[in-house]
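To keep things clear, I will list the structure first and then write my remarks on it.
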Amino acid sequence: MLGIQSNMTPVRRATVDSPHFKCRYCGKQFVREHHYLAHKCKEMQRDEELRTPHGQTALHYYQLWMRTMKRNPPSASAFLTSRYYRTFMNFVEFSKNVDLPKPEKFIWLMVHKDLPPTIWTTDDAYTAYLEFLDRKTSPMDQASLSIETLIAIADKHEIPLSEVFTVLTAQDIIHMLRTRRLSAWLLLFSKKFKHLFANDTNIDQRLIIENLIRPEYWGDKMDEHAEDVKTIKMLVAEMGI
Ligand SMILES: [Zn+2]
């Protein structure tokens, strides 16, 4: 009897010292509350990061990538522990920095070309994508994206669409041409764009814009798409640009 009681002491001490607090992210256990409260781990930081808009976009792209590959879109918690977590966070950063047009389409192309997410942020991948947009996007799609761009700018400045070129600088237009948010398919029919080009640009800007638009290349292109050209001209007239 006595022997058993004396044996209980260490058992009871073990109970007191046994961990009472457990990190729900990494599973680490703590005896003292202040140690537990001070605890930070990679998993916890990721969880906080995932709740931000940046993190939610990364999760969306990750799921879209999996769906495009015909796999089940993983849950948020699967993303947290995925080896692609940082890759997709970086991809969101990249897409903001270069103002990537239609990121969903970009992901589709990367899957199609069998390029892994780890190289999506390289210049080669980006250039391949812009060339793809030029070749594969129909004139009407390019014109539509340009119209969406101009509507968004007019809305932001709370001005009629017909005045949209009054708030755009040559630099803005160059940036939007580079990121394919504006297309020659629309600009070359816009009187107000031509006016801006002739009056509000310096020689360097005119050279860059000409280089991006390549009017001589478009001449032939437009002959091939006479019907689209007619529609786009009509849209430009309706927009009053
Ligand atoms: Zn932890």
The extension gain from Cys23 to Arg51, computed as 0.36 nm times the residue separation minus the Cα-Cα distance, is 8.3 nm
The local net charge around Ile208, scoring Lys/Arg +1 and Asp/Glu -1 for residues other than Ile208 whose Cβ lies under 12 Å from its Cβ, equals +1
Taking only protein heavy atoms and a 1.4 Å probe, the highest-to-lowest accessible-area order of Thr169, Thr87 is Thr169, Thr87
The correct ranking of Asp200, Asp124 by accessible area at 1.4 Å, largest first, is Asp124, Asp200
Measure of exposure for Leu80: accessible area at 1.4 Å probe, Å² rounded to 10, is 30 Å²
So, relative contact order of the chain in percent, Cα under 8 Å, 6 or more apart, is 13 percent
With Met239 itself left out, Lys, Arg at +1 and Asp, Glu at -1 over residues whose Cβ is under 14 Å from its Cβ give -1
Binned at 10 Å starting from 0, the alpha-carbon pair-distance distribution of region 28-113 in whole percents comes out as 16, 42, 25, 11, 6, 0
With all protein chains present, the chain has a carbon and sulfur share of its accessible area (1.4 Å probe) in percent of 53 percent
Everything considered on the Cα gyration tensor (a ≥ b ≥ c; rounded for a/c under 1.5, else prolate if a/b is larger than b/c, else oblate), region 138-212 must be described as oblate
Given unit charges at Cβ for Lys, Arg (+) and Asp, Glu (-), the dipole magnitude of the chain about its Cα centre in debye, nearest 20, is 1500 debye
The size of the Cβ-based charge dipole (Lys, Arg +1; Asp, Glu -1) of region 127-197 about the Cα centre, to the nearest 20 debye, is 240 debye
Judged on accessible area alone, 1.4 Å probe, highest first, Ser162, Ser82 line up as Ser162, Ser82
Measuring from its Cα centre, region 53-170 shows a charge dipole (+1 at each Lys and Arg Cβ, -1 at each Asp and Glu Cβ) which, in debye to the nearest 20, is 700 debye
For the chain, whose charge dipole is built from +1 on Lys and Arg Cβ atoms and -1 on Asp and Glu Cβ atoms, the candidate among Phe197, Pro74, Thr149 with its Cα farthest towards the positive end is Pro74
Cα-based Rg then Dmax for the chain, in Å, read 28.2, 104
Given a 1.4 Å probe, the accessible area of region 117-226 per residue, as a whole number of Å², is 55 Å²
Total charge of the residues flanking Thr166 in space, meaning their Cβ is under 11 Å from its Cβ, with Lys and Arg +1 and Asp and Glu -1, is -1
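The values are calculated or read from the model by the stated rules, or taken from the named source; none is laboratory data. Every value quoted in this text rests on a predicted model; they were computed, and no experiment measured them. Every residue, glycine among them, receives a Cβ derived from its backbone with ideal geometry; neighbour counts consider all protein chains shown. Side chains included, ligands, DNA and RNA excluded: accessible areas come from the protein's heavy atoms. Shrake-Rupley method; radii C 1.70, N 1.55, O 1.52, S 1.80 Å.
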